[in-house]
Every structure is written in C-alpha cells, then in structure tokens.
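Below is one structure, written out as structure tokens, with a few remarks after it.
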Amino acid sequence: MLGATQLTPAVIANIETGRRDDRGRRRREITIDELLVFAYALAAPLPVLLLPVGDEDAANITPNTQVSIEAALRWVLTDAPPPTPDGRVRDSEWWDVAAADVNLWKTLWRLLEELDDLRSDLVRASSHGRIDDPAMLEQVERFQKNQRDAIESEQRQTLSKIADQLALMRDRHLSPPAIGTRLGEDMDRLGVRRPGHEDPR
C-alpha cells in the first residue's frame, strides 16, 4: 500500500533481528527512504526512530561521538547546531544558514498557533452569562469590549507577522500554505494586507 515493495516480511524480519557485522553485533542498516516508510507506517515521529528517546541518557550520533539525548534531540529538531561531547557549539554560523528554511516553517507554525489562541480568547470575551442588573450588564459589556479591542490589536500584529513570514518564504522560493478562507477573512477584517496583494488604501 505504501509502495515499498522491497520491504518484504523477510526483509523486515532481518531489520528487526539484524545480522552480525564484523564486530559480531547484530545489525541491519536501513536507507533513509526505508526510515521514512517505517515512520509513516508506524505514525511515529522521526526523532523517536533516530534516537533512543526515553530509553537512554545518551546517543551515539557517530560511531565515535556520544552526546546527551537532549543535545541530540535539539539538533535533530533543528533547535541547535550539531552537538559535541563536551557541550560546545560548533559551526553555528553555517547552521543558521543551513537551518534557515526549516526555521521559517517553524516560525510560521508558531504564529498560526498564536493566532488560534487569540481567536479562542476573542470568543471568550464575546459572551457572558445572564445578568439581570442593567448597570452590572453595562459594566461587563464595557469590560469585554475593552478586552476584545486589546485582543484584536494583538491579532492584527500577529497577522502582520504571518503576512511577512509568508512573503519571506516565497522570496526564498519555498512553498508556504495558501491563505485559507478563515485567515484571509481575519486579514480583511482587521485591515492587514495579504501577501502578494497591493494595498488598496
């Protein structure tokens, strides 16, 4: 079903049990393509298959390089440059360049999550329970309006950052997601120019 016809039951069994290498260890190396197939089939995060997360305190990222699980995980998740056993940072300037495209995606996802949180905040600030006292009702509604104004101001700032992020990704020839209906409506409602569109004002 996944198109990996080379991964027969016999091959998978060999991967699981391994074969002895020149040091007598049982192993069967897999290709990157096979790793992706296994991760997809198992619905498993790639770092869990790459590193002994939850099983060991350290990971061998090369035959002669052992680092902490945290350092290895931060590297695999592009949060930090390749780790060294003594904890030094290496090749940080090159890493910033190499990881730039991945970090653009991560920044976009973070901004979209922030926008979702603000949408939830706006919903909560738009409703209240039954209030029979007119004076109290007026006070609550005034308070909620101030809340909504503050939330919409934050939304506007976040939407502007999202628009800038999408434009930056396109400039780097990436393929950012299209602006969906809801995101577009938010931008139009709050007067944020959509990336790739001329400002009508």
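The values are calculated or read from the model by the stated rules, or taken from the named source; none is laboratory data. What you are looking at is a predicted structure, and each value in this text was computed from that prediction instead of being measured. Cβ coordinates were reconstructed from backbone atoms using ideal geometry, including for glycine residues, and neighbour counts include every protein chain displayed.
Take the residues in region 162-176 that are without any contact (Cβ under 8 Å) to a residue 60 or more places away in the chain and in a loop (DSSP other than H, G, I, E, B), then tell me which one is farthest from Glu152 (Cα to Cα).
Checked region 162-176; the qualifying residue farthest from Glu152 (Cα to Cα) is His173.
Within the set of pairs 6+ apart or on separate chains, which have a first residue in region 118-135 that is within 29 Å of Asp186 (Cα to Cα), a second that is outside any helix (DSSP H, G or I) and among the hydrophobic types (A, V, I, L, M, F, W, C), and C-beta atoms under 6 Å apart?
Matching pairs, first to second residue: none at all.
With the condition kept exactly as written, say whether any residue in region 113-133 is closer than 28 Å to Asp79 by Cβ and in contact with a Leu (Cβ under 9 Å, 6 or more places away or on another chain).
Looking for residues that are closer than 28 Å to Asp79 by Cβ and in contact with a Leu (Cβ under 9 Å, 6 or more places away or on another chain), one finds at least one in region 113-133, hence yes.
Restricting attention to region 125-141, which residues are loosely packed, with under 12 Cβ neighbours inside 10 Å and either outside any helix (DSSP H, G or I) or modelled with pLDDT of 95 or more (or both)?
Within region 125-141, Ser127, Gly129, Arg130, Asp132, Asp133 qualify.
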